[in-house]
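K.L.:
Mind having a look at this structure? Questions to follow.
The values are calculated or read from the model by the stated rules, or taken from the named source; none is laboratory data. Given the structure is predicted, the values throughout are model-derived calculations rather than measurements. Note that each Cβ is placed from the backbone with ideal geometry, even for glycine, and that neighbours are counted across all protein chains shown. The accessibility values were calculated without ligands, DNA or RNA, using every heavy atom of the protein model including side chains. Shrake-Rupley method; radii C 1.70, N 1.55, O 1.52, S 1.80 Å.
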Amino acid sequence: MDVTPTSSATIERYGDGGFRVGGVRHEGALCITADSTQRWACDDVHHLSTQDAQALMAYAPDAEIWVIGCGKTMLLLPSAFKHEFRTRQIAIEAMDTAAACRTYNIL
């Protein structure tokens, strides 16, 4: 697991298969918190599993909300994936990546 500490976890831009977070370019899907940025092995939100949900929660156990960027359009997350968050009273929101980046930066 490659974790990059981020002094400023602001998402500055995205596109061309990656993101610029805190001045550093990252390729592929990411899991971003105020403290760090890590590559997330998620190629398709349709295939997210309960194990994926548990891995996210383990990465940031104190998170009260997760924002999932789905690409160009918002997609429905798998029920079992969402259920893992709901049973722990953690909010989960799916949206297109542009909206997810803006929402993350505001939060």
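K.L.:
So who's got an amide H within less than 5 Å of the one on residue 40, skipping anything under 5 residues away but keeping other chains? H placed 1.01 Å off N, in plane.
P.N.:
Amide H to amide H, under 5 Å and 5 or more residues apart or across chains, residue 40 pairs with 29, 30, 31.
K.L.:
Would you please state which residues of region 62-87 a label at residue 50 would reach in this model, taking the label point 7 Å out along Cα→Cβ and a backbone N cut-off of under 18 Å?
P.N.:
77-87
K.L.:
Which percent of the accessible heavy-atom area of the chain goes to carbon and sulfur, probe 1.4 angstrom?
P.N.:
Working: 3350 of 6590 Å².
The nonpolar share, carbon plus sulfur, comes to 51 percent.
K.L.:
Follow-up. Name the residues whose placed amide hydrogens come within less than 5 Å of the amide hydrogen of residue 22, ignoring near sequence neighbours (fewer than 5 apart) on the same chain.
P.N.:
10, 12
K.L.:
Below 8 Å, C-alpha to C-alpha, sequence gap of six or more: please give me the relative contact order for region 16-84 in percent.
P.N.:
Relative contact order comes out at 26 percent.
K.L.:
Calculate one ³J(HN,Hα) per residue across region 75-90 by plugging θ = phi - 60° into the Karplus curve 6.51 cos²θ - 1.76 cosθ + 1.60, and present them in order as whole Hz with x for glycine and proline.
P.N.:
Along region 75-90, the couplings run 10, 6, 7, x, 4, 5, 4, 5, 4, 4, 6, 4, 5, 9, 6, 10 Hz.
K.L.:
Pick out, from 78, 29, 91, the residue whose Cα sits farthest towards the positive end of the charge dipole of the chain, with +1 on the Cβ of Lys and Arg and -1 on the Cβ of Asp and Glu.
P.N.:
The residue sitting farthest along the positive end of the dipole is 91.
K.L.:
Here's another thing I want to ask about it. In the neighborhood of residue 68, defined by Cβ-to-Cβ distances under 13 Å, what is the net charge if each Lys or Arg adds +1 and each Asp or Glu adds -1?
P.N.:
Summing Lys/Arg as +1 and Asp/Glu as -1 gives -4.
K.L.:
Which whole-Hz ³J(HN,Hα) couplings does region 20-27 yield from phi under the Karplus relation 6.51 cos²θ - 1.76 cosθ + 1.60, θ = phi - 60°, glycine and proline marked x?
P.N.:
Each residue's phi maps through the Karplus curve to give 10, 10, x, x, 10, 7, 10, 9 Hz.
K.L.:
Considering the convex hull of the alpha carbon atoms of the chain, report its projected area averaged over all viewing directions, in nm², one decimal.
P.N.:
Details: hull surface 24.4 nm².
That works out to 6.1 nm².
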